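Asks: Below is the structure I would like to discuss, written out as structure tokens.
Read the figures in this text as sums done on the coordinates, not as results from a lab. In this text the structure is predicted, and so the values were computed from the model without any measurement. Heads up, the Cβs are rebuilt from the backbone with ideal geometry, glycines too, and the neighbour counts pull from every protein chain shown.
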Amino acid sequence: MKKLNLKIGKLAALFCLSSTLFGCTLFGLDIQKDTDRVPHTLDPHINKSAWEFIKERATTGDKTFERLMAAIVYSEIDTMEYMKPNRTFILLNKDAVGKATVGVWPNFLVANKTPTAWTAYPKEFVKNYLLYMIVDGVYDHYTLPPTSSVKAQTLSPKGYWNSLPTGITLAGFTPNPESAIYFRISTGSNGNTQDYPIVVNDNGFTIRTSSLLATNGTIHVVEKYITPILPTVFY
């Protein structure tokens, strides 16, 4: 029964519950309009590649990937990496880049100061950080097991995360010689707004918008930075 409940929970994670009485949004779309709280199933397929999705959301609407696009341009990463198939793409929204306590900039300090732009970092560092968030294989609510952590290989070269570049610090940093990443489906809820969220590296942060199905893999959009520090306890 527990296994069945967890499998059901995988599907439940594709929905969100409102923090108010009148509705909620998921993937930026309204899924509930009335006070009867009747849920509507959303199609997770976005019918475009991860690269097309990034470009679209970087320049239109709330420009949620504007800062991510700035990192891509500055680092000169090969954008073909966002078009190749059978991959998991972790995408940073604006908060995950610059927001206090949860963003990349406030956590990866340069000379003990918080940067205000990607250009404060070496290009190679930004490139490898982006590559760390592209994973070989598809890891989402449709493929992950319900009860255990799964180790996966990122595109960041092995050995890169043995240390940080001179002048860059991250609290609690420990080497990650394989440039590996861990995914796990949490068996609980995230502040009463999401059941069975996906956890990355068990760093206390969960993926808020997960398992978007692009034409070349799966997409997770995060509102908090991803750390290359691996978990010390595995489930």
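Asks: So which of Lys113/Lys158; Lys127/Lys158; Lys123/Lys158; Lys63/Lys123; Lys63/Lys113; Lys48/Lys123 end up more than 21 Å apart by C-alpha?
Replies: Lys113/Lys158; Lys63/Lys123; Lys63/Lys113; Lys48/Lys123
Asks: In nm, to one decimal, how far is the modelled label at Leu213 from the one at Lys84, with both set 7 Å along Cα→Cβ?
Replies: For the pair Leu213/Lys84, the computed spacing is 2.4 nm.
Asks: Using Cα pairs closer than 8 Å and at least 6 residues apart in sequence, work out the relative contact order for region 117-184, in percent.
Replies: About 36 percent, as a whole number.
Asks: By how many nm would the segment from Asn47 to Lys123 grow when fully extended, if each residue of separation counts as 0.36 nm and the alpha-carbon distance is taken off?
Replies: Between Asn47 and Lys123, full extension yields 24.2 nm more.
Asks: Right, next: Between Ala111 and Thr232, with labels modelled 7 Å along Cα→Cβ, what's the label distance in nm to one decimal, could you check?
Replies: Distance between label points: 3.3 nm.
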